[in-house]
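Here is the structure we will look at.
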Amino acid sequence: MATSARALAILTVALCGFGCSNGDGSHTDEPAEDSTDALPEETVCDETRRPVLLVHGGFGGGDNYEPQGQRFRANGYCKEWIRAFDYDSPANLNGNTSAATLQEMDDVVEQMRSELGFDKIHLVGHSLGTSVCRNYLLQPENVEKIERLVHVAGGYDPAGTVPTLGLTSRGDKAVGLVEYPGAENLELPYLDHMEIISAESTFVEIYKYFNDGEAPQVTAIEPTDRIIVEGFVKNFADNTPREGIEVEVYEIDHLSGERISETPDHLLLVDAEGRFPAWEAEPDTYYEFMIPGGGEGGRDLHSYRQPFVATTHLVYLKAMPKPGSVGALFLGGLAPYTDDFMITVIQHTNRAIIAGDDSLTMDGIELSRPELTDEAATIVAIFVSDENGNGVSDGTPTARLAPAPYLTGADTAIPTDVDGPVEITLNDATLRIPRWRANSDGNVLVMFQDR
């Protein structure tokens, strides 16, 4: 958010990877050493392709585009040619983009033009991000910096100042099917409001529009020989970088959810932009990312996701919103903190969780129910806690989250004094994690992705 000539300094492991074998099959408890020559150079890419800037929607981040970043790179784009612009979306609602946000976006555009040697770049906006792009392009001095715009599931008409492709879907219950004036409009297959920005069919149309009708050679995200992971650590919603913290990465046992080693397999120092250095993940391997102070009230945050499949550079590790931010006001403070129960957020990173289509269980309790995940609500994250503090799973929706788009909660008491891990299953994917005590151990974030 590059050809080898532009590769960033990276922090990774020695050639033995995630903790070397001691010869007897055991796992060392010493963290892997830094090694910048352990990672492969980027595959040859085409520096003549026009760079693309991706602008997320409300309560989103650059990770909404992670699958598209992988697809662009599989089709010859250089890593640094595909970047995301992050902004504080709750502070820019209702189509009113602040002057500060527009200036921040222009800084990124200018940086890409200067660093990559292009007079114009391409833009993609999704949902609220379409209004950010619109307002940016309503400033005459910015029009000459943008070659083409793709306007995806936006509630606002594009500015009409540059060639524009509009993409919408009947399956989008937030926006629906729209004909944007002055744009070339296409109807995509039945996709929800979040799914539409990460779908394979969406990528095909974006790619063709940016490449004069040429179709991409690769559309599926295929496993790569080595899995190089890069990305950012930022606050949820306000997208403030978590500068200066050191994220601890642990390989975990999939059956027990426990760390294999007591010491981290990787330590990722976060820079001023929120970027963490590149590291190599093992295939079919589960990890815990411990973000110190990333939870509410300065507590730690334990983050989990399904195994990485392919090299990726738009991975986001999300912390709780900055205190006093609009995003923090939306959340309104989490449930009572005790050591008796967990406080967990379960998220799908690239589509909605829909009652009737999806089964989502935690500790055997069904969370994808009509009152929580109705299709019309486009729910992508569920807050799970003993909301009313009575120690019983009442299952009632969390009222304080009602004003927040895409979010819901359920009064669900997950105890910490039970032997064995907590099992969280979304359809055919299961993650097992320790029973972290909310007050002493911190918050938990569990992320699922479609393959």
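The values are calculated or read from the model by the stated rules, or taken from the named source; none is laboratory data. Source: prediction; values computed, not measured. When we count neighbours, we look across all protein chains shown, and the Cβ atoms used for this are built from the backbone with ideal geometry, even at glycine.
Annotations for the structure displayed:
- Of the criteria (1) among the small types (Gly, Ala, Ser); (2) over 25 Å from Arg83 (Cα atoms); (3) surrounded by fewer than 22 Cβ atoms within 10 Å (Cβ to Cβ), which one Gly244 fails: (2)
- Residue in region 425-440 that is modelled with pLDDT of 95 or more, buried (at least 21 other Cβ atoms within 10 Å of the Cβ) and more than 30 Å from Ala310 (Cα to Cα) present: yes
- Residue satisfying all of: in region 171-184; under 27 Å from the mean Cα position of the chain (by Cα) and farther than 13 Å from Tyr156 by Cα; surrounded by the most Cβ atoms within 10 Å (Cβ to Cβ) among these: Asp172
Residue-wise test of (1) modelled with pLDDT of 95 or more; (2) among the acidic types (Asp, Glu); (3) farther than 27 Å from Arg435 by Cβ.
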{"site": "Gly274", "(1), (2), (3)": "yes, no, yes"}
{"site": "Asp284", "(1), (2), (3)": "yes, yes, no"}
{"site": "Met290", "(1), (2), (3)": "yes, no, no"}
{"site": "Ala319", "(1), (2), (3)": "yes, no, no"}
{"site": "Gly324", "(1), (2), (3)": "no, no, yes"}
{"site": "Phe330", "(1), (2), (3)": "no, no, yes"}
{"site": "Ile365", "(1), (2), (3)": "yes, no, no"}
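- Of Gly60, Gly25, Gly69, all but one fail to be at pLDDT 65 or above, part of a loop (DSSP other than H, G, I, E, B) and either closer than 30 Å to Leu93 by Cβ or not assigned by TED's automatic domain parsing to the domain that holds Glu115 (or both); the exception is Gly60.
- Options Val218, Val229; residue that is hydrophobic (A, V, I, L, M, F, W, C) and assigned to a strand (DSSP E or B): Val229
- A count restricted to region 159-183 and to residues that are touching a helix residue (DSSP H, G or I) at 6+ places or on another chain (Cβ under 7 Å) and modelled with pLDDT of 95 or more stands at 7.
- Against the numbered list (1) touching a helix residue (DSSP H, G or I) at 6+ places or on another chain (Cβ under 6 Å); (2) under 17 Å from Tyr209 (Cβ atoms), Leu128 comes up short only at (2).
- Residues in region 89-109 that are crowded, with 19+ Cβ neighbours inside 10 Å and either small (Gly, Ala, Ser) or at pLDDT below 95 (or both): Ser89, Pro90, Asn92.
- Residue in region 143-152 that is within 21 Å of Val175 (Cβ to Cβ) and β-branched (Val, Ile, Thr) present: yes
- Residues that are more than 24 Å from Arg435 (Cα to Cα) and crowded, with 22+ Cβ neighbours inside 10 Å within region 379-400 comprise just one, Ile379.
- Candidates in region 123-137 are the residues that are of a type outside the set (A, V, I, L, M) and surrounded by fewer than 23 Cβ atoms within 10 Å (Cβ to Cβ); of these, the one that is farthest from Asp172 (Cα to Cα) is Asn135.
- The set of residues from region 40-54 being touching an Asp or Glu at 6+ places or on another chain (Cβ under 9 Å) and modelled with pLDDT of 70 or more comprises Arg50, Pro51.
- Screening Pro189 on (1) farther than 23 Å from Val315 by Cα; (2) surrounded by 14 or more Cβ atoms within 10 Å (Cβ to Cβ) shows it passes everything except condition (2).
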